[in-house]
Amino acid sequence: MEAIVYEEFGGPEVLRLARVDDVHAGPGQIRVAVRAAGVNPVDYKIRNGWMEAAFPTPLPATPGSEFAGVVDETGGGVTEFAVGDEVLGRSATGAYAEYVLADVGAVARKPEGLGWPEAAALPVATATAARVLDELAVSAGETLLVHGASGAVGSAAVQLAAARGATVVGTASPANHDYLRVLGAVPVAYGDGLVGRVREAAPQGVDAVFDVAGKGVLADSVELRDGTPERISTIADPDAARHGVAFSAGGGTSPDEGRQLGGYAQSAAVGGLRIPVEQTFPLGAAARAQQLSEAGHVRGKLVLLPGEH
Ligand SMILES: NC(=O)c1ccc[n+]([C@@H]2O[C@H](COP(=O)([O-])OP(=O)(O)OC[C@H]3O[C@@H](n4cnc5c(N)ncnc54)[C@H](OP(=O)(O)O)[C@@H]3O)[C@@H](O)[C@H]2O)c1
C-alpha cells in the first residue's frame, strides 16, 4: 500500500510517499481503506523527535492518528462492523496511508450526510475536548476560559462547553473573533493585556480554564482563577508543573469512545457540531500540510485525502 513514511526525525522534508507492506486486522481490529486522515499538531511534534519521552516512535514511522474510510477487513471476534461499513475513528497505525488499522472501541459509523474530510476532523478534537471538560467538571451556569479556541480542539471545546450550558470566553487572533461568536464563545484577543480583557469579557469571574494553545498563559490563568491552579488544565504547555497546573496527556481509549464519537458524528452531519476543514491535500502533500499545521494558525482542521493525486 501507499503511505507517508519517515526514516529519521527532522523537518517536513523527511516525509516521503512510499510503498510499504500491507497491514492486516488483528483480533478486535478492523482494517479501513482511508478516504480522509486528519492532520494533528502532535504529528509534526513526533516527526521532529520532540515526543520520544511520551510516545517513543520506532522508525520508519507513518504519521496520523485519525481517519474516515470504508471497512475492508475485520479481525477475530469483531461483530460491531462489517466489510463495506463507512466509519471514522482513531487509528492504531499511521493514518497517512491507504489502509489503517483501528481498535473497534475507538470507531463509529459515519452518517451518510457527513463528508469524508469533515468526518476525519472529528475523532481527536472531540475526544480531547470532552475528556478535558470532564476533568475540569465544567457545568451549566459556569464560565470557562478556552485559550486557543479557534483550532480543532478549541472549536470542539467551545461547542461542547456551550452545550453543557457554560458561558465560554475564547482566545484567538481578531481575524477569528466572528468565527468564535458563531461557535458560541465571547472572543478575546491573546497577547499582552490578556488578564484585563478576560475580566472585561467575564466580570462574573472564570470558574475553569482549558489551555489548548500552550503558549505561556498559565500564570495569567492562575491570576484569573484568583490565585489558585485548581480547575485549570493544559494539553500543550510543558510548564504546567511549575505553575501547579494539571497537564492532561490523553493517549488512552475510554470504553465509551466509539459511542460518544458516533453522537458527535450525528450532530456534525446535521450541522450541529462544527469542526471546519480549512484545507484538504492529496496524501503526497503531507509535508506541506504539516508545515501549515506547525505554523500554528489553522482554523479547524487540515485533512489528507489518500485517494487524490
Ligand atoms: N494532550 C492531549 O491530549 C492533546 C490532544 C490534542 C492536541 N493536543 C495539543 O493541543 C494543541 C492544540 O491542538 P489543535 O489541534 O487544536 O491545534 P491547531 O488546530 O493547530 O490550533 C491552531 C489554533 O491555535 C491558535 N493559536 C495560535 N497561537 C495562539 C496563541 N498564542 N493563543 C491562543 N491561540 C493561539 C490559532 O488561532 P489564530 O489563528 O487566531 O492565532 C489557531 O486557530 C497542540 O499543541 C496539540 O499538540 C494535545
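The values are calculated or read from the model by the stated rules, or taken from the named source; none is laboratory data. Owing to the predicted nature of the structure, the values given are computational and were not obtained by experimental measurement. No Cβ is skipped: glycine too gets one built from the backbone with ideal geometry, and neighbour counts run over all protein chains shown. All accessible areas refer to the heavy atoms of the entire protein, side chains included, with ligands and DNA or RNA removed. Shrake-Rupley method; radii C 1.70, N 1.55, O 1.52, S 1.80 Å.
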- Query: Hey, got the Cα dimensions of the chain along the principal axes, in Å, largest first?
  - Reply: 56, 39, 32
- Item | If the convex hull is drawn through the Cα atoms of segment 141-264, its volume per residue in Å³ | 111
- With θ set to phi - 60° and the Karplus curve 6.51 cos²θ - 1.76 cosθ + 1.60, what are the ³J(HN,Hα) couplings of segment 287-292 in order, to the nearest whole Hz, using x for Gly and Pro? 5, 5, 5, 5, 4, 5
- Message: Give me the Å³ per residue figure for the convex hull around the C-alpha atoms of segment 61-213.
- Response: 140
- Query: Where the accessible area of the chain is counted over protein heavy atoms with a 1.4 Å probe, how much of it, in %, is carbon and sulfur?
  - Reply: 51
- Item | Label-point gap, in nm, between residue 79 and residue 20 - each point 7 angstrom along Cα→Cβ | 3.3
- Order 243, 24, 177, 147, most accessible first, counting only protein heavy atoms with a 1.4 angstrom probe. 24, 243, 177, 147
- Task: Give me the distance between the Cα centres of segment 133-185 and segment 46-76, rounded to whole Å.
- Result: 29
- Note on the structure: Reported to the nearest 10 Å², residue 134 has, with a 1.4 Å probe, an accessible area equal to 90
- Task: Before rounding to the nearest 500, sum -39500 (n - 2.57) across all DSSP H runs of length at least 4 in the chain and divide by the residue total; then give [θ] at 222 nm in deg cm²/dmol.
- Result: -7500 deg cm²/dmol
- Query: Hey, how many Å between the Cα centroid of segment 258-303 and the Cα centroid of segment 1-39?
  - Reply: 18
- Message: Please compute the modelled spin-label separation between residue 13 and residue 241, points set 7 Å along Cα→Cβ, answer in nm with one decimal.
- Response: 3.5
- Note on the structure: Using alpha carbon centers only, segment 231-247 is separated from segment 102-117 by a whole-angstrom value of 32
- Counting only C-alpha contacts under 8 Å and six or more residues apart, can you give the relative contact order of the chain as a whole percent? 20
- Please work out how much accessible surface residue 23 shows to a 1.4 Å probe, ignoring ligands, DNA and RNA, in Å² rounded to 10. 30
